[in-house]
1. Give me the number: length gained by fully extending T91 to N158, i.e. 0.36 nm times residue separation minus the C-alpha to C-alpha distance, one decimal in nm.
2. Under the Karplus relation 6.51 cos²θ - 1.76 cosθ + 1.60, θ = phi - 60°, what is the ordered set of whole-Hz ³J(HN,Hα) values for the stretch 73-81, x standing for Gly and Pro?
3. How much net charge surrounds G195 when only other residues with a Cβ under 15 Å from its Cβ are counted (Lys, Arg +1; Asp, Glu -1)?
4. For a 22 Å ceiling on Cα separation, which of these pairs sit above it: K57/K177; K73/K160; K84/K177; K73/K177?
5. Roughly speaking, what is the stretch gain from E55 to S176, that is 0.36 nm per residue apart minus the C-alpha to C-alpha distance, in nm to one decimal?
6. Between T21 and R64, what is 0.36 nm times their sequence separation minus the Cα-Cα distance? Round to one decimal in nm.
7. Check which residues have an amide H placed less than 5 Å from E45's amide H, if you skip close sequence neighbours.
Amino acid sequence: MKRFLSATIIAVSMILTGCATTYSSQVSVFHEWPQGNQDKSYILERLPAQENNPEYKFYEEELRTQLGLHGFKEIAVGATPALKIGMQYGTTMSELQYSSAWHPAMYDPFWNMHFRRAYLYDPYFPYYGRRLSGPIDINVTRYYLHQLEIDMSDFASNKKLASIRVSSEQTEPEISKQMPYLIESALQGFPGKNGSTTNVELPLNKDHKDTNK
């Protein structure tokens, strides 16, 4: 039994302390992209609230870079483009709780400093079916859902040609660290299969390798 507990504690600890090497996101694509050699000249279209937003303008530069890598060309002011492209983004928070009698917090005083105390009914505890008489530890981890939407429309007719939505759940709350990955993920394999949702994995670069710890 002691050997089992030790192995379990080590395995759980390795999972908790390990660092991811890729950035994972879900990408949904809906489009009516024309066949053939589509003119990819564009302008970036801002919403009124985005006009004087330094954060948005910063992310625009990343969008320009990624669009350029996929053959899009931003035109000079005064010229007529084929497309207009806009983006929106946001973050929402959710809280997940994990409770287990086998958690390393039960055996390691270091972990006890990072967990809430609570009473719990645990059917897998050795005293099956009984309410525990003492406190056990509940690990509370916050996850943040980062989302990005990129829309592409025909400039002349205003017809929407593509809508790309990206979402990624991370423990890092700052969306500024997510945007390079979200934008790159959105344009992977563009335009992609209409109506598809795929999981995209990108390698973490050195500047953002702490994003998924």
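1. 21.3 nm
2. 10, 6, 8, 6, 4, x, 7, 9, x
3. On the way: positive: K160, R165, K193; negative: E32.
Once positives and negatives cancel, what remains is +2.
4. Details: K57/K177 15 Å; K73/K160 18 Å; K84/K177 26 Å; K73/K177 26 Å.
As for pairs spanning more than 22 Å Cα to Cα, those are K84/K177; K73/K177.
5. Numbers: separation 121, 0.36 × 121 = 43.56 nm, distance 0.85 nm.
Going from the current span to full extension adds 42.7 nm.
6. Values: separation 43, 0.36 × 43 = 15.48 nm, distance 2.57 nm.
Gain in length upon complete extension: 12.9 nm.
7. I85, G86
Any read-out appearing in this document is the output of simple, stated calculations on the displayed coordinates, not a laboratory observation. Everything quoted here is computed from the prediction, not taken from an experiment. Please note: Cβ atoms are built from the backbone with ideal geometry, for glycine as well, and neighbour counts cover all protein chains shown.
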